[in-house]
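The values are calculated or read from the model by the stated rules, or taken from the named source; none is laboratory data. The model shown is predicted, which means the values in this text are computed figures rather than measured ones. All Cβ positions, glycine included, derive from the backbone under ideal geometry; neighbour counts span all protein chains shown. Please note that ligands, DNA and RNA were not included when accessible areas were found on the heavy atoms of the full protein model with its side chains. Shrake-Rupley method; radii C 1.70, N 1.55, O 1.52, S 1.80 Å.
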Amino acid sequence: MPDFVPLVPKMLLGIAADHGGYELKEYLAGRMREAGHEVIDFGDRKPTEDDDYPDFIVPLARAISSGGVNRGVGICGSGVGASVAANKVVGVRACLIHENFSAHQGVEDDDLNMLCLGGLVVGHALAWELVQTFLAAKFSGAERHCRRLAKVTALEKKR
């Protein structure tokens, strides 16, 4: 299968995973660097069965929220925990995605800034294709999408 390589401006990216996503994290971080991106690895650096995804996903989410990185990829075994933890950080819009349409539509319509993947669910080739699709997508800025995001932001402010 040939590599899918959309035109993507170079970005500062973050990546994080627990033991369930460690192998996929290492693969994707390498591919992102090969593509010319600067990548900050938020861990895990040496996986153990008792590591906890919030310990790695939350620092990545905080870096996204503060603008320390442009976008991020969070990985755990299923991707569900990574998504749940990341979305607790104000300003982060993370979603578990395992297919191409949502990888770009989430950015275009919902200004998704963190892609979550299941390291035990998605293979390397598909994961790399999803990351490239996510990175190539741009928020549309359409009025209806801005209106909806304003409602999400209002919810965050009530917390």
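So if I take the centroid of the Cα atoms in the range 22-93 and the same for the range 119-153, what is the distance between those two points in Å?
If you average the Cα positions of each part, the centres end up 15 Å apart.
Counting only residues 5 or more places away or on other chains, whose amide H sits under 5 Å from the amide H of G119 once H atoms are built in the peptide plane?
C76, G77, S78, G79
Give the accessible surface of the range 1-158 per residue, rounded to a whole number of Å², with probe radius 1.4 Å and ligands, DNA and RNA excluded.
Values: 7790 Å² over 158 residues.
It amounts to 49 Å² per residue over the range 1-158.
On a straight-distance basis, which lysines could pair with K151 in a cross-link, Cα separation under 22 angstrom, same-chain partners fewer than 8 positions away excluded?
K88, K138
Once a ≥ b ≥ c are taken as the square roots of the eigenvalues of the Cα gyration tensor of the range 93-133, is the result rounded (a/c under 1.5), prolate (a/b larger than b/c) or oblate (a/b not larger than b/c)?
Numbers: a/c = 2.47, a/b = 1.67, b/c = 1.48.
Taking the square roots of the gyration eigenvalues as a ≥ b ≥ c, the range 93-133 is prolate.
Quick check: residue separation of E143 and E49 times 0.36 nm, minus the Cα distance between them. What number comes out in nm? Each step should come with its number before you reach the end.
Numbers: separation 94, 0.36 × 94 = 33.84 nm, distance 4.55 nm.
Gain on extension, E143 to E49, equals 29.3 nm.
For a quick protection proxy, order the peptides 9-20, 85-96, 46-57 by their average other-Cβ count within 10 Å, most packed first. Each step should come with its number before you reach the end.
Details: 9-20: 21.5, 85-96: 19.6, 46-57: 16.8.
Ranking the peptides 9-20, 85-96, 46-57 by packing returns 9-20, 85-96, 46-57.
Using θ = phi - 60° and the Karplus form 6.51 cos²θ - 1.76 cosθ + 1.60, what ³J(HN,Hα) does each residue of the range 149-158 get, whole Hz, x for Gly and Pro?
For the range 149-158, the Karplus-derived couplings read 5, 4, 5, 5, 4, 4, 4, 5, 5, 7 Hz, x marking Gly and Pro.
I need the shape label for the range 27-105. Rule: rounded when a/c is under 1.5, else prolate if a/b > b/c, else oblate, with a, b, c from the alpha carbon gyration tensor. Spell out each step's value before the answer.
Details: a/c = 1.20, a/b = 1.06, b/c = 1.13.
Judged from the Cα gyration tensor, the range 27-105 comes out rounded (a/c under 1.5).
What lysines does K46 reach when the alpha-carbon gap must be under 22 Å and sequence neighbours fewer than 8 apart in one chain are set aside?
K25
With a ≥ b ≥ c the root eigenvalues of the C-alpha gyration tensor of the range 56-142, is it rounded (a/c under 1.5), prolate (a/b larger than b/c) or oblate? Before the final figure, lay out the partial values.
Values: a/c = 1.78, a/b = 1.06, b/c = 1.68.
It comes out oblate by the Cα gyration axes.
Using each residue's phi in the range 24-39, evaluate 6.51 cos²θ - 1.76 cosθ + 1.60 at θ = phi - 60° and report the 3J(HN,Hα) Karplus result to the nearest Hz, with x for Gly and Pro.
After applying 6.51 cos²θ - 1.76 cosθ + 1.60, I find 5, 4, 4, 4, 5, 4, x, 5, 5, 5, 4, 7, x, 7, 8, 10 Hz.
Compute, for the chain, the length of the dipole vector about the Cα centre, with Cβ point charges of +1 (Lys, Arg) and -1 (Asp, Glu) only. Units Debye, rounded to 20. Intermediate values should be presented prior to the final figure.
Working: 18 positive and 21 negative charges, 178 e Å.
Value, rounded to 20: 860 debye.
Nearest 0.05, what FRET efficiency do E38 and E108 give at R0 = 25 Å with Cβ-Cβ as r? The partial results should precede the final answer.
Details: r = 24 Å, r/R0 = 0.96.
So, using R0 = 25 Å, E works out to roughly 0.55.
Over the range 33-79, with every protein chain in place, what whole percent of the accessible area is carbon and sulfur at 1.4 Å, could you tell me?
Numbers: 1090 of 2430 Å².
Here carbon and sulfur together make up 45 percent of the probe-accessible area.
Considering amide H positions built from the backbone, and no H for Pro or chain starts, which residues 5 or more places from G72, or on another chain, come under 5 Å of its amide H?
G14, M114, L115
Report the calculated FRET efficiency for Y27 and S66 (r = Cβ-Cβ distance, R0 = 30 Å), to the nearest 0.05. Each step should come with its number before you reach the end.
Working: r = 27 Å, r/R0 = 0.89.
Here the calculated transfer efficiency is 0.65.
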